Amino acid sequence: MEPNPYPLPAGDPQRELLHNEVHARPPARVHLPALVVFVAVFNEGVTREQECAHLSRLPGQQALTPEQLQGNFLRLRLPGYTLKWERHTEFTRYSLVQPLPDAAQLGSRDPELLSHIVLPPDWIAGIPGRTFAAIKLVMLHGDLQHPQETLALARTWLGEHTVVASLMGNNAHSMVVTDFMLRESGYERMLVVAPTDTTETRAGRISQRLLEIETYRLMALRGLPVAKQLGALLTRSEQQLADITAQMENKSATDQALLDALVSLAAGVERATAQHAYRFSATQAYDTLVGQRIAEIREQPIPGTQTIGEFMQRRLSPAIATVTATAQRLASLSERITRTSALLRTRVDIATEEQNQQLLAKLTKGQELQLRLQSTVEGLSIAAISYYVISLILYLGKAGKEAGLPIKPELLAGVMIPLVLWAVWRTTRKIHEKLHAGH
């Protein structure tokens, strides 16, 4: 290898991982005629180690390690068949691709398929997790020049049920027929009829898209039981909020009682939001994926038969609309509770402000009374201090008279009264001025 004359800066640690993500789950190469057995299970509480242990039960896979499953994708090529393992956030899916038995070719009537599965007995039943999708997809060669005749044979193959069918691709390169019925075996059935020149790569892409349509459809529908369950709770909560609002308007309950009721209601709504917000968001995401996969197969209608897209529009869309409406209703209720809480807080703030004003008025009146009382006390204090000073002067005059001084004590005390009163008052004023100057 020649040295690179223009080396790149140091690579980001995740560059290779992100670059290879587009190649992480390549479609299988399916050689027609083929039987594809697909099982999808919820993997909540199921570890990769458990799934690895189950995969290692297959012939020749005893050395399989959990590290080989870290990429969430694994294809095992075994004698006569291929098994693909894929782990997703909420579910894990297993896809078996094997030759189609001769007894199940186009023209047979509702052929039995399970006894021809090449996996070890009970291996599928031992898959860790809870099954939510199981499909037997048969892909075989047929004549598409006369689609009505081929569709009649496909109806017979599916057991004469009402079917959904369409031609796929801009050039109508293949036909898909299914009845979306869950049979007693627990499996659905799909039939793909393709011309003899169909490549293995195209057949793999067709199988992957069809299986993903059904997988994502069922995952999208998981939000429907939740939406129905929440309906009664939302109705009660909306009525409680209306009652609280009416009590606020009529002032028929105390603020504390309204606050307690509102807090309890808000807690219930927030708990429901926390529990189900992910499910509602996932429903929208899976529904989007269903629409994308249907668009990718580029259906062309066969006269007299619904296409998969039309079937989904009529059967899946109402369920998704119910989930969407419930999610919006829950969000709207939460917003209304928030607005009601804001109104109650405003009401409490206004009442608190009025109480503060009343308290301030009482304090102001009390201060006025205190000032009046203080003035009265100060007047009495001036009189009392002056009285004691005059008494001292009187005693002083009497002492001087006894000492032989020409003094009349009573006259001296009387003359000093105005002077003493002025002096005491002036001294009190100076003390007040100093105190006010200090503040």
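Identify, among Gln105, Leu18, Thr65, the residue whose Cα sits farthest towards the positive end of the charge dipole of the range 14-125, taking +1 on the Cβ of Lys and Arg and -1 on the Cβ of Asp and Glu, with the dipole about the Cα centre.
Most positive-ward Cα: Leu18.
How high is the relative contact order of the chain? Use alpha-carbon pairs under 8 Å, at least six apart in sequence, and give a whole percent.
With pairs under 8 Å counted, the relative contact order is 14 percent.
Taking a ≥ b ≥ c as the square roots of the Cα gyration tensor eigenvalues, with a/c under 1.5 meaning rounded and otherwise prolate when a/b beats b/c, else oblate, which class fits the range 136-206?
The shape class here is oblate.
Could you derive backbone 3J(HN,Hα) for the range 28-35 from the dihedral phi with the Karplus parameters 6.51, -1.76 and 1.60 (θ = phi - 60°), listing whole Hz in sequence and x where the residue is Gly or Pro?
3J(HN,Hα) across the range 28-35, in whole Hz: 6, 9, 10, 8, 7, x, 9, 10.
Could you name the lysines in cross-link range of Lys362, using Cα to Cα under 28 Å and dropping any fewer than eight places away on the same chain?
Lys362 reaches Lys251.
Charges only on Cβ, +1 for Lys and Arg, -1 for Asp and Glu: so what's the dipole of the chain about the Cα centre, in debye to the nearest 20?
Dipole about the Cα centre, nearest 20: 1760 debye.
Mind telling me which of Ile385, Ile297, Ile206 comes out most flexible in a GNM of the chain, alpha-carbon contacts under 10 Å?
Taking springs between Cα atoms under 10 Å, the residue moving most is Ile385.
Hey, if you put +1 on the Cβ of every Lys and Arg and -1 on every Asp and Glu Cβ in the chain, which of Phe180, Thr340, Gly80 ends up farthest toward the positive end of that dipole?
The listed residue farthest towards the positive side: Thr340.
So between Tyr6 and Thr89, what do we pick up on full extension, going 0.36 nm a residue minus the alpha carbon distance?
Separation in residues times 0.36 nm, less the Cα-Cα distance, equals 25.8 nm.
At a temperature of 25 °C and a viscosity of 0.890 mPa s, determine how fast the range 32-186 diffuses translationally according to Stokes-Einstein, using the Kirkwood radius over alpha-carbon pairs as Rh; express D in µm²/s, rounded to the nearest whole number.
143 µm²/s
Excluding same-chain residues fewer than 8 positions from Lys136, which lysines have a Cα within less than 28 Å of its Cα?
Partners within reach: Lys84.
Let me know the whole percent of all Cα-Cα pairs from the chain that are separated by more than 36 Å.
Above the 36 Å cut-off, the chain has 58 percent of its Cα pairs.
What FRET efficiency do you get for Leu259 and Gln357 if R0 is 30 Å and r is their Cβ-Cβ distance, rounded to the nearest 0.05?
Efficiency computed from Cβ-Cβ geometry: 0.85.
Using only Cα atoms and rounding to the nearest 10 degrees, what angle (0 to 90) does helix 317-402 make with the longest principal axis of the chain?
Once rounded, one gets 10 degrees.
Given a 1.4 Å probe and the protein chains all in place, what does the accessible area of Met181 round to, in Å² to the nearest 10?
Its accessible surface works out to 80 Å², give or take rounding.
Kindly provide the GluC sites (Glu not before Pro) of the range 97-192 that DSSP labels as loop, not H, G, I, E or B, and whose Cβ sees at most 12 other Cβ atoms within 10 Å.
Within the range 97-192, the qualifying GluC sites (Glu not before Pro) (loop, at most 12 other Cβ atoms within 10 Å) are Glu112, Glu160, Glu184.
Could you pull out every one of the aspartates and glutamates with an alpha carbon less than 20 Å from that of Lys434, ignoring same-chain neighbours closer than 8 positions?
Answer for Lys434, where 20 Å is the Cα cut-off: Glu378, listed by chain and number.
What list of ³J(HN,Hα) values in whole Hz, one per residue of the range 66-77 in order, does the Karplus curve 6.51 cos²θ - 1.76 cosθ + 1.60 (θ = phi - 60°) give from phi, with Gly and Pro shown as x?
Working through the residues one at a time gives x, 4, 6, 9, 5, x, 6, 8, 8, 10, 10, 9 Hz.
So what's the back-of-envelope 222 nm ellipticity for the chain, counting only DSSP H runs of four-plus at -39500 (n - 2.57) apiece and dividing by all residues, rounded to 500?
-19500 deg cm²/dmol
Considering only DSSP states other than H, G, I, E and B, which trypsin sites (Lys or Arg not before Pro) in the range 32-117 qualify as loop sites with at most 11 other Cβ atoms within 10 Å?
Counting only loop positions with at most 11 other Cβ atoms within 10 Å, the trypsin sites (Lys or Arg not before Pro) in the range 32-117 are Arg109.
Using Cα atoms only, what is the angle between the long axis of helix 255-297 and the major principal axis of the chain, expressed in degrees (0 to 90) to the nearest 10?
Orientation of helix 255-297: about 30 degrees from the principal axis.
Using only the alpha-carbon atoms, how far is helix 223-250 inclined from the longest principal axis of the chain? Give it as 0 to 90 degrees, nearest 10.
Value to nearest ten degrees: 20.
Please give the FRET efficiency for Glu249 paired with Ser332, using the beta carbon to beta carbon distance and R0 = 22 Å, rounded to the nearest 0.05.
For R0 = 22 Å, the calculated efficiency reads 0.60.
For the range 385-432, build the charge dipole from Cβ charges (+1 Lys, Arg; -1 Asp, Glu) around the Cα centre, then report which of Trp425, Tyr387, Pro409 sits farthest towards its positive end.
Ranked along the dipole, the leading option is Trp425.
How do Met416, Met219 stack up against each other in accessible area, from largest to smallest, with a 1.4 angstrom probe?
Correct descending sequence by accessible area is Met416, Met219.
The values are calculated or read from the model by the stated rules, or taken from the named source; none is laboratory data. Keep in mind that what you see is a predicted model, and the values were worked out from it rather than measured. Cβ coordinates were reconstructed from backbone atoms using ideal geometry, including for glycine residues, and neighbour counts include every protein chain displayed. In case anyone asks, the SASA skips ligands and DNA or RNA and just uses the protein heavy atoms, side chains included. Shrake-Rupley method; radii C 1.70, N 1.55, O 1.52, S 1.80 Å.
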